[in-house]
Amino acid sequence: MTDLVLDARGLARRYGTVVAVDGADVAVERGSLVALLGPSGCGKTTTLRLIAGLDAGDGTIDIDGVRVSGGRHAVPPEARGVGLVFQDSVLFPHLSVGANVAYGLRGPTRKADAAQALALLGIADLAERMPHEISGGQQQRAALARTLGPRPSLVLLDEPFAHLDPSLREHVRDEMLRAIERTGTSALLVTHDQSEALATADRVVVMNRGRVHQEGTPEEVYRHPVDRFTASFVGRAALVSAHVTGRGRAQSRLGGLVVDDHASAGERIAVLRPESIALVAEGEGIAGRVVRSSFRGADALLQVQLADGTLVETIDAQRLRAGDRVHVAVRGRVATVPVDEG
């Protein structure tokens, strides 16, 4: 059996003259969670709908090694072995929570399987309640229990936490993802939330304007972006012009930089993350002025404007305020990306 639960290649979808998905490749290894990350309108949900069979387009889709779309193959959604969880829980309003979970199950163990799915999500005590009698987070857990009940090969999650209150979102997300992990189910999570993708996924697929820009582990796409879009969208970064002078060395308006060894000589864009910018003593770096301080609890995120107008960000534990004069320097190795997006 293949190690890929999902192997989708060259996915494409047009709506008239609008290109929603443009040759996207998405793969999910067995037992892993992949985040499909990108801004609103980038083609994430259309890609998910193509995989689920809810929409038709070009390209090939293999699920568990079986071709379900492409060429003469067009397996309907209900026969693809895929579970779906959307932004809205879409529970049947006239059925109890337990009946909702049992709806797609068959056989003599139907009730027992539904009870097991409810227990897995920690909502066994809600089985007799109606959907309107439980909270939004509980509804989402019930929707996932219903999805996991038939034990699908792949679960597709379309921003399932987007409508939850911020205080509840992380808790519900962690509970649901733990349940998916405990069942060994493979999952594809569509999200526009960078922190969510980086914190939860085994691998991240970064999309924009219908195209996949980069695929890799969360650390790879954060520390080694391949282009300006990925560098600016995944995490916070100041993008600064730099001239690579030799292997691992570059010059910029912030002085000399240590860059990735593979960076080609010539003009590049240096990706300066907040953790790459250090506050230093006067005379050791570049002078600047704090223009914003965002308190984050254990520290603050400072936005510093340099004399030439460049804005950089750094992490501060000194409780500096807007207007304070500071000096900054780049510390450690930084990534670079091409000047031209291509």
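The values are calculated or read from the model by the stated rules, or taken from the named source; none is laboratory data. Computed from a prediction, not measured in an experiment: that's the story for all the values here. All Cβ positions, glycine included, derive from the backbone under ideal geometry; neighbour counts span all protein chains shown. Quick note on the areas: whole protein, heavy atoms, side chains included, nothing else; ligands and nucleic acids left out. Shrake-Rupley method; radii C 1.70, N 1.55, O 1.52, S 1.80 Å.
Summary table below
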item	result
Theoretical FRET efficiency, 1/(1+(r/R0)^6), r = Cβ-Cβ of V18 and L54, R0 22 Å, to 0.05	0.75
Matching label, Rg and Dmax of the Cα atoms in Å computed from the structure shown, candidates (1) 21.0, 71; (2) 23.7, 77; (3) 19.9, 69	(2)
Low-density loop cleavage sites - trypsin sites (Lys or Arg not before Pro) in the stretch 196-302, where at most 15 other Cβ are within 10 Å (DSSP)	R209, R236, R247, R253, R296
Options L254, P160, P131, ranked by Cα towards positive dipole end of the chain, top entry (Cβ charges)	P131
Gyration tensor (alpha-carbon) shape descriptor, the stretch 214-287, a/c threshold 1.5	oblate
Separation between Cα centres of the stretch 290-342 and the stretch 102-145, rounded to whole Å	47
Computed over the chain: relative contact order in percent, which uses C-alpha pairs under 8 Å that are six or more apart	16
Overall form of the stretch 116-159 per C-alpha gyration tensor (a/c, 1.5; a/b vs b/c)	oblate
The stretch 72-128: trypsin sites (Lys or Arg not before Pro) falling in loop per DSSP and having at most 15 other Cβ within 10 Å	R72, R106
For a label point 7 Å along the Cα-to-beta-carbon line of A162, residues of the stretch 213-253 with backbone N under 12 Å	none
Estimated dipole of the stretch 45-178 in Debye, rounded to 20 [Cβ of Lys and Arg +1, of Asp and Glu -1, Cα centre]	460
Amide hydrogen neighbours beyond the local backbone of A20, cut-off 5 Å, H modeled	R13, R14, Y15
Over the stretch 62-133, relative contact order from alpha-carbon pairs under 8 Å, at least 6 apart, %	30
Sequence-distant residues sharing a close amide H with V334 (under 5 Å, placed H)	V258, V259, D260
Separation of the R236 and R30 label points, Cα + 7 Å toward Cβ, nm	4.2
Residue-normalised accessible area of the chain, given per residue in Å² at a 1.4 Å probe	49
Contact order normalised by residue count of the stretch 27-149, Cα under 8 Å, 6+ apart, percent	21
Shape category assigned to the stretch 168-302 from the gyration tensor of Cα positions, a/c cut at 1.5	oblate
Förster-model FRET efficiency, 45 Å R0, D340 and R178, C-beta, rounded to 0.05	0.60
FRET efficiency, 1/(1 + (r/R0)^6) with R0 35 Å, evaluated for E133 and L301 via beta carbons	0.25
Stretchable slack from V258 to T109, in nm (0.36 nm times residue separation minus alpha-carbon distance)	47.5 nm
